[in-house]
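Enquirer: If you scroll down you'll find the structure; I have some questions about it.
What follows draws every value from the coordinates through simple rules; no lab data is involved. Since the structure is predicted, the reported quantities are computational estimates derived from the model, not experimental observations. Note: ideal-geometry Cβ built from the backbone for every residue, glycine included; neighbour counts use all protein chains shown.
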Amino acid sequence: MSEVQDELIGGLQTKAQAIREDIIKMLAEARSGHPGGSLSSVEIVTALYFHVLRLKSEDPQWPDRDRFILSKGHAAPLLYAALAERGFIPREELLTLRKLGTRLQGHPPWGMVPGVEASTGSLGQGLSMGLGTALAGRLDRRNYRVYVLLGDGESQEGQVWEAAMAAAHYRAGNLTAVLDFNGLQIDGPITEVMSPLPFPDKWRSFGWAVREVDGHDFQDLIAAFDWAKTIHDMPSMIIARTVKGKGVSFMENAAGWHGKAPDMKQTAQALAEIGAGTDFKGDNKHAE
């Protein structure tokens, strides 16, 4: 890598570590939430927010901003952590996740949190929203791009494929979807619940340009996002192979950590493994 590339990757790795730390602390404080799918997508979202997306945190409604829609809305802790790191919301607000009266709901609420482009959580709907947003930009002659993060279990939803078909039909070249392909959903392996495989063949058959990457490798991700910007006459899909619960040994590849918060002992271990220290006590101080 060049010196510039080394500096970029190093900076992104630092951001990813901070975001992982915040995710663990938020979930420990809330005593509920979704660590597995939040942690698996950290590098994807970090690359987007700190290299790819054109945004202005001081002007969240800037008309020419790029749009990011978290279709797998249960990964809201990841989105909030990225928004805080990018300056859209105060970092100290993160510990209000899922508490009474907070604007940081368990799934992202549009109109409450600066930087949240759509209310998501009912799985399967984000790609439709992304397509509508992309087509609106084309009609308004805006030069923004739209990025949608999908879950692999979410891909069992029929609306995903209706949106995929429509996006190809309307040649939405300003739309890029990223698939968090970690192989697990709340009930277990996606291939056992309702297999949506093979992903590359399916998306190509629906008229999308497709690229496969290591979803935890920033070089791979950056190259894929750069590639997507060169696709002008069709939507693009980046299939990112990831590890559910990435970065925390007892969460990795464990379906049980899809929606489960760590206790304080587990939180200390998770933070140590991430490299963030173990001094977090939280306000709740819940029992081990």
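Enquirer: Just to be sure I understand the curve: with the Debye formula and one point per C-alpha of the range 92-154, what is log10 I(q)/I(0) at q = 0.13, 0.21, 0.23 Å⁻¹?
Expert: For the range 92-154, the Cα-only Debye profile gives -0.46, -0.93, -1.01.
Enquirer: Hey, another quick one. Fewest Cβ neighbours within 10 Å first, please rank GLU154, GLU252, GLU3 accordingly.
Expert: Listing GLU154, GLU252, GLU3 from fewest to most nearby Cβ atoms yields GLU3, GLU252, GLU154.
Enquirer: Additional query: Provide the percentage of antiparallel DSSP beta bridges, counting only those with both residues in the chain; round to the nearest 5.
Expert: 10 percent
Enquirer: Once you've got the GNM for the chain with C-alpha springs shorter than 10 Å, pick whichever of SER128, SER119, SER205 has the biggest mean-square fluctuation.
Expert: Looking only at SER128, SER119, SER205, the biggest GNM fluctuation is shown by SER205.
Enquirer: On a C-alpha basis, how far is the centre of the range 70-135 from the centre of the range 137-155 in Å? Whole number, if you could?
Expert: Computed from Cα coordinates, the inter-centre distance equals 15 Å.
Enquirer: A further question on this structure: With 10 angstrom as the radius, rank SER41, SER2 by how many other C-beta atoms surround their C-beta, starting from the fewest.
Expert: SER2, SER41
Enquirer: Let me have the relative contact order for the range 97-199, percent, based on Cα pairs under 8 Å that are six or more residues apart.
Expert: 23 percent
Enquirer: Exposure proxy check: TYR49, TYR170, TYR144 ranked by fewest other beta carbons within 10 Å?
Expert: Least crowded to most crowded, the residues run TYR170, TYR144, TYR49.
Enquirer: On to the next question. Using Cα pairs closer than 8 Å and at least 6 residues apart in sequence, work out the relative contact order for the range 141-195, in percent.
Expert: In percent, rounded to a whole number, it is 49.
Enquirer: Hey, another quick one. Taking every pair of alpha-carbon atoms in the range 1-150, what share in percent sits in each 5 Å bin, from 0 to the bin with the longest distance?
Expert: The calculated distribution, bin by bin, is 2, 10, 19, 22, 21, 14, 8, 4, 1, 0.
Enquirer: Hey, which aspartates and glutamates would be in cross-link range of LYS202, C-alpha to C-alpha under 16 Å, not counting anything within fewer than 8 residues on its own chain?
Expert: Candidates past the 8-residue exclusion: ASP152, GLU154, GLU157, GLU162, ASP180, GLU212.
Enquirer: Strictly over 18 Å apart at the Cα level, which of LYS25/LYS265; LYS25/LYS99; LYS25/LYS281; LYS56/LYS246 would you flag in this model?
Expert: LYS56/LYS246
Enquirer: Taking 8 Å as the Cα distance limit and 6 or more residues as the minimum spacing, I'd like the relative contact order of the range 3-274 as a percentage.
Expert: With pairs under 8 Å counted, the relative contact order is 24 percent.
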